[in-house]
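Peer 1: Take this structure, written in structure tokens, and hold onto it; I'll ask about it next.
The values are calculated or read from the model by the stated rules, or taken from the named source; none is laboratory data. No experiment lies behind these values; they were computed from the predicted model shown. Quick reminder, even Gly has a Cβ in these numbers, built from the backbone with ideal geometry, and neighbours come from all protein chains shown.
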Amino acid sequence: MKQEEEKDLRKIRSDYQRAILLESDAKINPFDQFNSWLNDAEKEEIRDYNAFNLSTVNSDGYPRSRIVLLRGMDKSGLVFFTNYSSEKGQELAVCNKVCANFFWNMLERQVRIYGVANKVSVAESDAYFKSRPRESQIGAWASEQSSELRTRDELDEKVEFYSKKFEGGEVPRPDNWGGYRIVPHYFEFWQGGPGRLHDRIVYKVDEDFVWFMLRLAP
Ligand SMILES: Cc1cc2nc3c(=O)[nH]c(=O)nc-3n(C[C@H](O)[C@H](O)[C@H](O)COP(=O)(O)O)c2cc1C
């Protein structure tokens, strides 16, 4: 049998040409800049353009990353929803410092955000939970997110159990399911450029909590 050819990852090389990011074009406020890039990602019809890589750290200082979906964004922060008892939930209970990373390949853009994550209000979690499709609501009950399952059947049985339990009525929000709001203190907007000369525009807050902008070498 012919051996599968080994991939040469060194040959993968994209040259970024789509845009440049100058300070004069960037918005004064990073939330406005982020919103404008989110709009571009939506217009580009990027699937799951609201997906981002969320990094937390465990008590040993090990970073953990996973994808979650952005469900709300305004100047008070970035909101995502999850199971509070999951691995990320347990880590956030000990250390709420996070990094959020968005990558929109088609737009040759990355956004990196540092901040702290706090639970949203019960009312906010309730409102979002109500808006979810019924099967996702049942799923929130059936899945003790990040705990070990013996088999796939175990999960399917739990789905069946909760489907029957809540049959004919509303599915309430489990107490350990809800949102976090990331309050950022750092944004970095990365726009790919030709010859690896990318643009990196950073926003930080000064001692008066006013945002200022700076540029980093690519
Ligand atoms: C596209 C995509 C979207 C996801 N969205 C969420 C989400 O919004 N909330 C969530 O808890 N997990 C989401 N997940 C699953 C997480 O990546 C992860 O598997 C799960 O939250 C458990 O993570 P943990 O064990 O680190 O807590 C998503 C995964 C993918 C690939």
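Residue-by-condition table, conditions (1) without any contact (Cβ under 8 Å) to a residue 12 or more places away in the chain; (2) more than 18 Å from N58 (Cα to Cα); (3) crowded, with 16+ Cβ neighbours inside 10 Å:
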{"residue": "V94", "(1), (2), (3)": "no, no, no"}
{"residue": "K97", "(1), (2), (3)": "no, no, no"}
{"residue": "A117", "(1), (2), (3)": "no, no, yes"}
{"residue": "S121", "(1), (2), (3)": "yes, yes, no"}
{"residue": "S125", "(1), (2), (3)": "no, yes, yes"}
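Peer 1: Additional query: List pairs: first in segment 3-23 and surrounded by 10 or more Cβ atoms within 10 Å (Cβ to Cβ), second among the polar types (S, T, N, Q) and at pLDDT 90 or above, Cβ under 9 Å, 6+ apart or cross-chain?
Peer 2: Sorted first by the residue in segment 3-23, then by its partner, the pairs are Y16/Q191; R18/Q191; A19/Q191; I20/Q191; L21/Q191.
Peer 1: Follow-up. Give segment 168-188 a look and list any residue that's part of a strand (DSSP E or B) and touching a Phe, Trp or Tyr at 6+ places or on another chain (Cβ under 7 Å), or say none.
Peer 2: Matches in segment 168-188: W177, G178, G179, Y180, P184, H185, Y186, F187.
Peer 1: Only one of (1) under 14 Å from P184 (Cα atoms); (2) part of a loop (DSSP other than H, G, I, E, B); (3) not basic (K, R) fails for D60. Which number is that?
Peer 2: Status for D60: all satisfied but (1).
Peer 1: From the residues in segment 189-218 that are of a type in the set (D, E) and in a loop (DSSP other than H, G, I, E, B), which one is nearest to the chain's Cα centre (by Cα)?
Peer 2: D206
Peer 1: In segment 91-123, which residue that is among the polar types (S, T, N, Q) and in a loop (DSSP other than H, G, I, E, B) is farthest from M73 (Cα to Cα)?
Peer 2: N96
Peer 1: Also, quick follow-up: With respect to the numbered conditions (1) of a type in the set (G, A, S); (2) within 28 Å of P218 (Cβ to Cβ); (3) within 9 Å of the ligand (Cβ to nearest atom), which one is the sole condition not fulfilled by A100?
Peer 2: (3)
Peer 1: When you check D126 against the structure, is it out of contact with any His (no Cβ under 8 Å at 6 or more places or on another chain) and assigned to a loop (DSSP other than H, G, I, E, B), yes or no?
Peer 2: no
Peer 1: Among (1) without any contact (Cβ under 8 Å) to a residue 12 or more places away in the chain; (2) among the small types (G, A, S); (3) within 16 Å of the ligand (Cβ to nearest atom); (4) on the phi > 0 side of the Ramachandran plot, where does S131 come up short?
Peer 2: (4)
Peer 1: How many of the residues in segment 43-83 are acidic (D, E), closer than 16 Å to Q110 by Cα and more than 8 Å from the ligand (Cβ to nearest atom)?
Peer 2: Qualifying residue count, segment 43-83: 1.
Peer 1: In segment 63-78, is there at least one residue being surrounded by 18 or more Cβ atoms within 10 Å (Cβ to Cβ), touching a residue at least 60 places away in the same chain (Cβ under 8 Å) and either on the phi > 0 side of the Ramachandran plot or not acidic (D, E) (or both)?
Peer 2: Within segment 63-78 (the criterion being surrounded by 18 or more Cβ atoms within 10 Å (Cβ to Cβ), touching a residue at least 60 places away in the same chain (Cβ under 8 Å) and either on the phi > 0 side of the Ramachandran plot or not acidic (D, E) (or both)), the answer is yes, since at least one residue qualifies.
Peer 1: Kindly establish whether F31 is of a type in the set (F, W, Y) and touching a Lys or Arg at 6+ places or on another chain (Cβ under 9 Å).
Peer 2: So F31 fits the description; yes.
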